[in-house]
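Participant: Take this structure, written in structure tokens, and hold onto it; I'll ask about it next.
Just so it is clear, none of the values below were taken in a lab; they were calculated from the coordinates. Since this is a predicted model, take the numbers as computed values, not measurements. When we count neighbours, we look across all protein chains shown, and the Cβ atoms used for this are built from the backbone with ideal geometry, even at glycine.
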Amino acid sequence: MSFVSSDHPFGPEPHELGWIHTATELAAQFARTAAEFDDTAELPLTNLRRLHAAGLDTATLPTELGGSSLSYRAFGTIVRLLSAACPSTACIWLMHIGAAVGLAQMSTPDTARYYADELTAGKRFANALSEPGSGNLFLMPQQTAEPADGGYRLTGAKRFCSGCEIADHFLVNALVDGKPAFFGVEPDHTVTYVPIWDTMGLRASRSQLIEFTGTLLRADRQGIPATEPRPNHIAAGLPYLSLGIADAALAALTTHAQTRTIPTTGQTLTDLQWVQFGAAEAHLQLEAAAAYTGQMAWLADQNSPEFLPASMRAKPLANEAARDIAQLGVRIGGGSGYLRTSPIQRIFRDAQAPGLMAYSVEVCKSHIGREVLAKGG
Ligand SMILES: Cc1cc2nc3c(=O)[nH]c(=O)nc-3n(C[C@H](O)[C@H](O)[C@H](O)COP(=O)(O)OP(=O)(O)OC[C@H]3O[C@@H](n4cnc5c(N)ncnc54)[C@H](O)[C@@H]3O)c2cc1C
């Protein structure tokens, strides 16, 4: 895995290496149960609790809120390590941190302290942003919250909310006075879950549909619009989710190629030229995607205006590396890799999901393509 080293500008800071070691150790444990969670599609609760107990949740908070102001480079590296081991765990953790830190960032100092204390106490956060009708344009809600005592009331549905069933807090968006607005919401009897999540991949992320029936969006929990650009943990972390799956795909196909013998020649698959070329292309694609993603995280750490465009580029680069390498794994794995007992088939299924998550590969490419064509090359 590239750029874990602290002497690379796109890697974590030297003082953050302890967090990387902690995540590496936890990831080794999570890898042992990833197939089981995929099979049962149960939430990986033990993994999430261990991440919290190790202090990783709190570390992502700014120092003034009791955290360690973990850099985006370190945060991304941790997401990548977790994703290589158990991508459902990584997906829920990414959404959890994105919602918690996002809510703290967009709140008044007192409310920010409240959310920070809740995260530190082990409470769980999730994002309820995507609507059945809005698809990929998840930041442009179509559902209107109506004025009510103490705020607004929302009746509608949000779809694909990772880890929602255990969430104590949601980051929810809705139209208020015709404009998108964000709120922190604590679920009550007006919030119900519809179990739609029976998917081909990221099965243990349990990204269910949520129904809101007249749910109060409290005015004092409405997000305050940012006065300056602020990198978002989800945008920064999503490419790393794909890089981790790509790492797992390359490791799985390598193990298979090293151990599978061709009976007629006694060679292993590693001796075949098409396998060598495939492995080389996979390695190069992954290195290039990781280098660009590292640069994106570095831009986030500089709070650069270039971060947002870079995140739109890193996402398809990393998603396509994961999908392509997982596809190569299916070819190299042959019938053995196609068996339910093989990690190759699971990784192939998981590799499809991050490319669908907003902004999808197609949405990113539409955006980039328009920019390129407008400049004339
Ligand atoms: C594993 C997983 C976890 C998720 N977790 C969360 C979560 O925690 N919280 C949350 O709020 N949401 C979550 N989502 C939702 C996700 O981020 C997207 O908002 C949602 O998947 C998009 O809707 P859709 O899948 O119906 O796709 P659609 O947007 O309907 O897309 C269908 C196809 O059309 C393409 N397309 C759509 N719009 C455009 C466009 N403008 N230009 C070009 N092509 C376009 C897409 O690329 C895709 O190929 C999750 C989704 C997945 C798969």
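Participant: Work from the charge dipole of the stretch 243-363 (Cβ charges, +1 for Lys and Arg, -1 for Asp and Glu, about the Cα centre) and give the residue of Pro309, Tyr359, Ala297 farthest towards its positive end.
Facilitator: Value: Tyr359.
Participant: Taking a ≥ b ≥ c as the square roots of the eigenvalues of the Cα gyration tensor of the stretch 1-75, is the shape rounded (a/c under 1.5), prolate (a/b larger than b/c) or oblate?
Facilitator: Oblate is the answer for the stretch 1-75, as a/c is 1.5 or above yet b/c matches or exceeds a/b.
Participant: For a test of the definition: using alpha carbon positions, the gyration tensor, and the 1.5 limit on a/c, classify the stretch 51-195 as rounded, prolate or oblate.
Facilitator: Verdict is prolate for the stretch 51-195.
Participant: Explain nothing, just compute: Karplus ³J(HN,Hα) = 6.51 cos²θ - 1.76 cosθ + 1.60, θ = phi - 60°, for every residue of the stretch 333-344 in order, whole Hz, x for Gly and Pro.
Facilitator: For the stretch 333-344, the Karplus curve yields x, x, x, 5, x, 7, 6, 4, 6, 8, x, 4 Hz.
Participant: Also, I was wondering about something else. How many angstrom separate the Cα center of the stretch 70-85 from the Cα center of the stretch 140-160?
Facilitator: 33 Å
Participant: Give me a comma-separated list of calculated 3J(HN,Hα) values for the stretch 242-252, in order, Karplus coefficients 6.51, -1.76, 1.60 applied at θ = phi - 60°, integers in Hz, x for any Gly or Pro.
Facilitator: These are the phi-based 3J(HN,Hα) values: 5, 4, x, 5, 5, 4, 5, 5, 5, 5, 5 Hz.
Participant: If you don't mind, another one. Hey, got the Cα dimensions of the stretch 14-120 along the principal axes, in Å, largest first?
Facilitator: Dimensions of the stretch 14-120 along the principal axes of its Cα atoms: 43, 32, 19 Å.
Participant: Of the lysine pairs in the chain, how many meet both conditions: Cα atoms under 26 Å apart, and a spacing of 8 or more in sequence or different chains?
Facilitator: The result is 7.
Participant: Shifting gears a bit: What is the P(r) of the chain, as percent of Cα-Cα pairs per 20 Å bin from 0?
Facilitator: So the P(r) values, bin by bin, are 29, 58, 13, 1.
Participant: So in the stretch 112-177, what percent of DSSP beta bridges are antiparallel if you round to the nearest 5?
Facilitator: Looking only at bridges with both residues in the stretch 112-177, the antiparallel portion is about 40 percent.
Participant: Considering amide H positions built from the backbone, and no H for Pro or chain starts, which residues 5 or more places from Ser162, or on another chain, come under 5 Å of its amide H?
Facilitator: Asn127
Participant: Okay, moving on. Which translational diffusion coefficient, to the nearest whole µm²/s, is obtained for the stretch 263-333 from the Stokes-Einstein equation, given a Kirkwood hydrodynamic radius over C-alpha pairs, 37 °C and 0.692 mPa s?
Facilitator: Rounded, D is 237 µm²/s.
Participant: Out of the GluC sites (Glu not before Pro) in the stretch 259-349, which ones are loop residues according to DSSP with at most 15 other C-beta atoms within 10 Å?
Facilitator: Glu306
Participant: Give the average over all directions of the projected area of the C-alpha convex hull of the stretch 233-375, one decimal, in nm².
Facilitator: So the mean shadow area of the Cα hull is 9.6 nm².
Participant: Could you list the trypsin sites (Lys or Arg not before Pro) in the stretch 316-376 that lie in coil according to DSSP, counting only those with at most 11 other Cβ atoms within 10 Å of their Cβ?
Facilitator: Here the trypsin sites (Lys or Arg not before Pro) that fit, given the DSSP loop and packing criteria, are Arg340.
Participant: Hull surface divided by four, with the convex hull built on the Cα atoms of the stretch 193-267: how many nm²?
Facilitator: 9.6 nm²
Participant: Once each part is reduced to its C-alpha centroid, what is the distance from the stretch 346-377 to the stretch 87-109 in angstrom?
Facilitator: About 23 Å separates the Cα centre of the stretch 346-377 from the one of the stretch 87-109.
Participant: Another question, then. Mind pulling the angle between the C-alpha long axis of helix 72-85 and the longest principal axis of the chain? Nearest 10 degrees, somewhere in 0 to 90.
Facilitator: Relative to the chain, helix 72-85 is tipped by roughly 60 degrees.
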